[in-house]
Structure formats: C-alpha cells, structure tokens
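The next block holds one structure in the form of structure tokens; read it before the comments.
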Amino acid sequence: MTAGQERDAATIDPVAGDDGAGDPKAGVSMMPLEVLLAQPRGFCAGVERAIDIVERALAKYGAPVYVRHEIVHNKHVVDTLKARGAVFVEEVDEIPEGAVTVFSAHGVAQKVENSAELRQLDVIDATCPLVTKVHKEGRRYAERGYDIVLIGHLGHPEVEGTLGQIPGVVHVISEPDEVDSLEVRDPNQVAFVTQTTLSVNDTKDVIAALRVRYPNIIGPDTRDICYATQNRQTAVIEMSKQVDLLLVVGAHNSSNSNRLREIGENFGLPSYLIQNADDLVPAWLDGVNRVGLTAGASAPEKLVRETIERLRQYRAVSVRTLDGVEENVHFKLPPELAEVPRPKEAAEAWAID
C-alpha cells in the first residue's frame, strides 16, 4: 500500500455492491480501476427544494405546470420533469394567463415578478433561500446609498436575477484585475455581494483587491458563502491529490460544475465535465489507476451511479467514498406545498435513498 493509499479515509460505497468489482465480461479489461467518490457531491438543499417544488406542484395542480427558465441547470432533471408535465419557458409572456408558474432556483428580476403579476399567474417561488438572502443584502446596501459590487459572471441567470432585485448602482466583476477599472460615486460607500455558486476560494482574490482599493468596503461574512459550493470544492481539492483523472458529472452551463472541473485542471489532472455516462471516452482511462468522481450541485446521484456502471464496461472497478462533510441542510417548502406528499417516483428518478 502506498502512502497515498494510507491517507485515503474511505469506505466501500453502497453503489459498488459487496466488493465493488465488476463481473468479467468479454472485451472488458481486468486491469483494476479504483473510483474515489467525493463527499459531498450532487444535489444541494436548494436544488432538491426546487425540484421538489415542481414535483409537488404537479401532484397538487396537475399538468401543465410552467417553469420560467430551467429549474436547475441539468438536462436530465429538466427532461424528467418535462415528461411529468412541466413546461419550461424563458419568459413569462409565454405562459397562459392564470397558469401555475414556478420561478427557478436561480431567482428572477423584479420586472419578471411584475410581469407575472400582470398576467395573474399563480406563482410558486423556487428561488434558493441563499440567493434570496443575497437579494435582501443587496437591497439593504442600496437603501443606504452604497455602490454595490456583485462578484459573479455576467449573463448567469442568478446574476441577472440579482441585478434585477437591487434598485441601485451595481457593478458586476469576476476577476481581481477588474477592480482597478471600477468607477464608483463615493469610495467610502461601497459594498459587495457574491453569486452563490462561487466559493470562498473563487472570491477571495477579488475581495482582497476590493479591500485594497476601498478600505471601508462592507460585505457579508464568508459564512454567508453557499455551503454547498464550498463543500464540493473542498472535497474535490482533497480528492485531486489522490487520483490520476477527474470526472465531474454536470451540465455544461452549470457554473459550479465547471468550477469543479477547473479545480482538477489546476492540479494538472486530465479533468472532464460529462453530462452523463454516454459522454465517457474509454481512451481517457489509458494508464489510469484511480479516477476521482464527483457531481455538481444540480446533478442527481442516479447519473453518478450510471457513470460507475459504464466504467465497469471498460475495467474491473472498485468504488470507495472519501470522508467528507455530511450535509444535513434542508430548506422549507412554500406553505401551499408543504402538506403535499413527495411523489414516489422521485426517489427512483434522482436515486435519493
């Protein structure tokens, strides 16, 4: 056993069966392949709540239930909910007047809320509570006359929604070198907020640059950073020290999934973002003894399990789950759905135990 193996605090994972080894099959290499699973991975509380809202709304009101934008950034999730009767649109004017409508986990601008009210839509808000918290912080700073720096990626739905929720001067930046080009009304009246899908590591250099230029800048405590983003990145950082290849299950338009892949690249690892098992390329496994496997916050565990099964078609796989943070966060459902039972098919669709 190598020193690296001794450092692995891991256990046999339930998805691996009794010993995690695949059955010998024609054309399958019997060269061992160890898969290390990141802990935590996959659905965060905000994503699970948003999907749960759509499922329970369909159960209570029947199809169709309209959803503005993808409920979360994952094609499997969207396609599964479409099959059950959810209709996804980009603008509220595509929704029939009076229809049951869900706002996605990313949040929406105030003008979207106003348009929904004009159309008398029956709105259920699935905005992640952590995103809502950022909206409230931004509005509070705006009311006090601060210029607000929003650290995030312009064009991301969450950033667009946050911009539309803060009635004041907001500057969007994502890199430290953008700080020097900021033009604010009063250098002593500057505040910052962050996109929730960025971690402490993602934002620390930008915040440091802001503090140098604006010593009196105010902003949220680092404890306000999305716990799920931080936990998943920390898990991948530790896992990347132990593997030869990193696979991230997630959508290409998922900010947090892309960042997980970038972490692996920063360690010099071949790192790939895959939507599902069909994206796997067998040649990636050449010369690889250990694969690190994780999933973005919008990716269901079912896709992770299917990826492992696909790997078993190429190699004799064993699976171990690394030690990590056990997340026990749960967000309350909207009161109109709290008493609606979760549909039975949900556990199978997302592999929620």
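The values are calculated or read from the model by the stated rules, or taken from the named source; none is laboratory data. Fair warning: this is a prediction, and the values are worked out from it, not measured in the lab. For neighbour counting, all protein chains shown are included, and Cβ atoms are generated from backbone atoms with ideal geometry for every residue, glycine included.
Only one residue in Val212, Val193, Val172, Val184 is buried (at least 19 other Cβ atoms within 10 Å of the Cβ) and over 20 Å from the mean Cα position of the chain (by Cα). Which one?
Val172
I'd like to check something: does the range 303-315 contain any residue that is assigned to a strand (DSSP E or B) and surrounded by 15 or more Cβ atoms within 10 Å (Cβ to Cβ)?
no
Just to be sure, is Ala283 assigned by TED's automatic domain parsing to the domain that holds Thr234, in a loop (DSSP other than H, G, I, E, B) and of a type in the set (Gly, Ala, Ser)?
No; evaluated as a whole, the condition is false for this residue.
Is one or more of the residues making up the range 325-335 part of a loop (DSSP other than H, G, I, E, B), modelled with pLDDT under 95 and either buried (at least 19 other Cβ atoms within 10 Å of the Cβ) or among the charged types (D, E, K, R) (or both)?
Checked the range 325-335: at least one residue is part of a loop (DSSP other than H, G, I, E, B), modelled with pLDDT under 95 and either buried (at least 19 other Cβ atoms within 10 Å of the Cβ) or among the charged types (D, E, K, R) (or both).
Go through the range 126-156 residue by residue and tally those that are touching a residue at least 12 places away in the same chain (Cβ under 8 Å) and within 21 Å of Val206 (Cα to Cα).
Looking only at that region, the number is 19.
Which condition does Thr132 not pass, out of (1) polar (S, T, N, Q); (2) outside the structural domain of Val179 (by TED's automatic domain parsing); (3) buried (at least 22 other Cβ atoms within 10 Å of the Cβ), if it passes all the others?
(3)
Can you tell me how many residues within the range 129-158 are part of a loop (DSSP other than H, G, I, E, B) and within 22 Å of His69 (Cα to Cα)?
Within the range 129-158, residues that are part of a loop (DSSP other than H, G, I, E, B) and within 22 Å of His69 (Cα to Cα) number 5.
Answer yes if at least one residue in the range 290-298 is in contact (Cβ under 8 Å) with a residue 12 or more places away in the chain, in a helix (DSSP H, G or I) and not assigned by TED's automatic domain parsing to the domain that holds Ile51, and no otherwise.
Within the range 290-298, not a single residue is in contact (Cβ under 8 Å) with a residue 12 or more places away in the chain, in a helix (DSSP H, G or I) and not assigned by TED's automatic domain parsing to the domain that holds Ile51.
Return the pairs, sorted by first residue and then second, in which the second residue is among the charged types (D, E, K, R), the first residue lies in the range 161-189 and is assigned to a helix (DSSP H, G or I), the beta carbons are less than 7 Å apart, and the residues are 6+ apart or on different chains.
Pro176/Asp205; Val179/Arg213
Of everything in the range 210-230 that's assigned to a loop (DSSP other than H, G, I, E, B) and either in contact with an Asp or Glu (Cβ under 7 Å, 6 or more places away or on another chain) or modelled with pLDDT under 90 (or both), which residue is farthest from Asp186 (Cα to Cα)?
Cys226
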